[in-house]
Amino acid sequence: MRFYVPEWDDHVDADYDFIHDEHSSLDPSERRLAYIWDIFDHETTPIDGVLISREQVEDTPSKFARITEHGVYEAPVLDIPDWLPTVSDCGAWGYKSLPFPPYGNEGMLDFYEELDVTVGVTIDHLVLGSGHTARLYLDERAFPEDFSKSDIPEEISEQIDVMVDEWPTEWPEYVRKYEPSIYDTDGVETFDPDIFQQPLSTLLSELEAHSHAVYRDDDMSFRYDLTLSNAREMKELYDDGDYSFRLMVAIQGWDVRSYVDATERVLEMGYQYLGVGGVAGSPERAVKEYVMGIGNSIKDFERDHDTRIDTHVFGFAKTGAFDTIGKSGMTSFDSASMLRSAWTGGENYHLDSDQRYDAIRVRYPSNRDSLREAVETALRSQEMLYSLRAFDADESISAALAEWYHAASATLENLEPYLREHRHDEQYDSSTLRPIKQAFRDDYAYGRNVRANFSGKFRGRLAKLLRKDDPEDPISFDEYQRLIANIRTVFDDWTPTNVGEIKQNEKRSGEYGTLTQLWTLLSEYATYLGDENHLDAYEELLRREPWNECGCRICKKHGIEVAIFRGNNRNRRRGFHNTRRFYDEFERSLPNIAVVTRGGTGLSTADSVERFLREDRTDFWAEVHDLPVAEIGTVTAHGVHEWWARSPSTISLEPLSMQETLERFCLRYQELFIDGSNWTPTDELIDTVRAVGCDVTVLDEPEDLRMAVLDRLGYEPDFVPEPLLQSGLMEY
Ligand SMILES: [Zn+2]
């Protein structure tokens, strides 16, 4: 089983300065970006692949241009390592309120080829709702100025589903076939608001020929059928072309029967890789039913046709469904929920699906704050961060606060003398602010402390004065002094919050960095922010200190920072950590298992690996082709060739290279089962693979091999659970 994660620009600054809360460079293009595969290595990256949606890529035109030029495996965009497979789809969720997917089949195939992804997915259209919905689509651009979606009378929106969205300026060619009136449009013809006051039937006939309105009696069936007709057309185009990626078909449905029918139809079309779409928002029990239904239908097909089908479940990864997903023979799934839960909702720090904790919110000033408010918020947040680090290190919190206060004072003390001397330096001669801020941060000895302690707003105003201050036409130094005096009104009387009380407690108890001492500050800080309701959860987190229990490299390196809710660099790192913890659980439930047989001379003459397996490894293939494992293939000195791949043109079975190949391949597997009927691997090979943490079983009889794999998974010989099709259980 493989776990994919959707890519939504999930990167952090690799060299982020946690102590000063600063990016490595103020210029984003100079930062070294770290994606999850950069933070972890080949062995520990907690994903087996990346899902890239066209809809998401197109959100940023410059990203679209660069990624289609360089592909996903090359810098400068994603630079995904070559061992990590990639799937690309159109991103149906993003255009769900358009009457048609805004892409054509041929254009999508070209897009996948340009991206250089491993797998491309056919174009689907989300089947929304659970009944045969009547739906009216309206182009937002055709609304007159004083009329919006909310002005559509309730009598209309109660009778039909109305979807308003901004339509593309150009539709793909296929739309002409379904709706010639919207395909050829010249300019936007606005709606007459009066027509919405008429009865529904009159409204619909008024809109019939309008080029910015589409109405369908049964939109669900339309979407379902369109998804299938795209599948048929794209398969033909794909088979006629010479594409380097593998084609996956996306299916949609609204109940078990519709999903099973779609499955049967795409299998007849010749697809060997299915993607189950449209389940992301469905309840767990419903998804289990769909997956069981689809799994059964696929098993029948595999057994009847002596073949294998891979299946991906889009947007679904509930730990409670692992068993069903595994037994139903699904080969992969994707989800971003563990990543995103690091900064959405509560319980943001996960040890596993049951042990979840609230991260401590240490807030940045808001843009709406006055300068003085911003400075106070910044000072308080720095007190908190210094104290949290001392708590984590079991060091004196009062000493940490004193150290912080000293640095903040020095920052302000030295600022005026610095500005007097350097304000006319060449480095501040710029018409834009960013280079000025960067130069100031790097040149002024306390430059990195300015923003963290006295707010970005303050640094921004300083930079504006420096920009205005021309050596030829200098501004009065008073302007700097007035700005600094403003900060002093907040800072001059500042003593670190509750430092006396903390110090006393340290003296009395002889202990440092205790929860009681931290609490003196934290409870007041949370109250200041209006976060009192989080205090119980914070206490639970701080008593447990789960980051000390986590062995992932993020927690090891950054400790308590991972449990602090603050900005992209902490929050997204926590998301990577959550993903790692999820993956640990997933690996325990659904271990990554590979089943391989040695390649042979017949491999280069067969047109596909599957044909070689079926014709030259007949008994082996007959026993294993339908097993619910991640990988079945044949191994040569050049690598493990997956069952669905094209045959390699040259074959080498040189023993040492075979050993090195398997050593690298097995880094990410827990179990390797080897067909011993035509190959006896050396003890050295077996030891090498075991040394990377992958167990090896060699069995001479293919039948024994099958039983051993099922036994390892804890599955019955006829493992697929029967769906409850007739019981009515799925009607909820
Ligand atoms: Zn961790």
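The values are calculated or read from the model by the stated rules, or taken from the named source; none is laboratory data. Quick caveat: nothing in here was measured; it's all calculated off a predicted structure. Here the Cβ is made from the backbone with ideal geometry for all residues, glycine too, and neighbour counts use every protein chain on show. Side chains included, ligands, DNA and RNA excluded: accessible areas come from the protein's heavy atoms. Shrake-Rupley method; radii C 1.70, N 1.55, O 1.52, S 1.80 Å.
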Among Arg488, Arg434, the single one that is surrounded by fewer than 16 Cβ atoms within 10 Å (Cβ to Cβ), touching a Leu at 6+ places or on another chain (Cβ under 6 Å) and on the phi < 0 side of the Ramachandran plot is Arg434
Of all the residues that make up region 299-325, how many are without any contact (Cβ under 8 Å) to a residue 24 or more places away in the chain and among the β-branched types (Val, Ile, Thr)?
0
Mind checking whether some residue in region 648-661 is under 23 Å from Leu590 (Cα atoms), surrounded by 14 or more Cβ atoms within 10 Å (Cβ to Cβ) and at pLDDT 95 or above?
no
Filter result (surrounded by fewer than 17 Cβ atoms within 10 Å (Cβ to Cβ) and more than 23 Å from the chain's Cα centre (by Cα)) within region 21-44:
Ser24, Ser25, Asp27, Glu30
Would you check which residues across region 498-516 are of a type in the set (Lys, Arg) and either outside any helix (DSSP H, G or I) or without any contact (Cβ under 8 Å) to a residue 60 or more places away in the chain (or both) and list them?
Lys507, Arg508
In region 413-458, residues that are in contact (Cβ under 8 Å) with a residue 60 or more places away in the chain and over 39 Å from the mean Cα position of the chain (by Cα) total 3
Note on Arg257: of the conditions (1) within 26 Å of Tyr103 (Cβ to Cβ); (2) open to solvent by 40 Å² or more (accessible area, probe 1.4 Å), unmet is (1)
Given the options Arg232, Arg223, Arg246, name the one that is open to solvent by 20 Å² or more (accessible area, probe 1.4 Å) and either in contact with an Asp or Glu (Cβ under 6 Å, 6 or more places away or on another chain) or touching a residue at least 60 places away in the same chain (Cβ under 8 Å) (or both).
Arg246
Look through Glu58, Glu106, Glu113 and report the one residue that is open to solvent by 20 Å² or more (accessible area, probe 1.4 Å) and at pLDDT below 95.
Glu58
Heads up, the strands (runs of 3 or more DSSP E) in region 535-649 (entirely inside) with at least 1 residues that are away from the ligand (no atom under 16 Å from the Cβ) and within 30 Å of Ser353 (Cα to Cα) are 593-598, 631-636
Is it fair to say Trp83 is aromatic (Phe, Trp, Tyr), within 30 Å of Asp219 (Cα to Cα) and open to solvent by 50 Å² or more (accessible area, probe 1.4 Å)?
no
Near pairs, Cβ below 7 angstrom, 6+ apart or cross-chain, from region 166-182 (open to solvent by 40 Å² or more (accessible area, probe 1.4 Å)) to any residue that is part of a helix (DSSP H, G or I)
Glu166/Glu140; Glu166/Arg141; Arg176/Tyr183
Name every residue in region 116-128 that is touching a Cys at 6+ places or on another chain (Cβ under 9 Å) and open to solvent by 10 Å² or more (accessible area, probe 1.4 Å), in order of residue number.
Asp124
Of the numbered conditions (1) farther than 17 Å from Asp334 by Cα; (2) hydroxyl-bearing (Ser, Thr, Tyr); (3) open to solvent by less than 30 Å² (accessible area, probe 1.4 Å), Thr579 satisfies every one except a single condition; which is it?
(1)
Pairs with Cβ under 7 Å, 6+ apart, first in region 570-585 and among the aliphatic types (A, V, I, L, M), second surrounded by 24 or more Cβ atoms within 10 Å (Cβ to Cβ):
none
How many residues, within region 70-80, are in a loop (DSSP other than H, G, I, E, B) and surrounded by 17 or more Cβ atoms within 10 Å (Cβ to Cβ)?
6
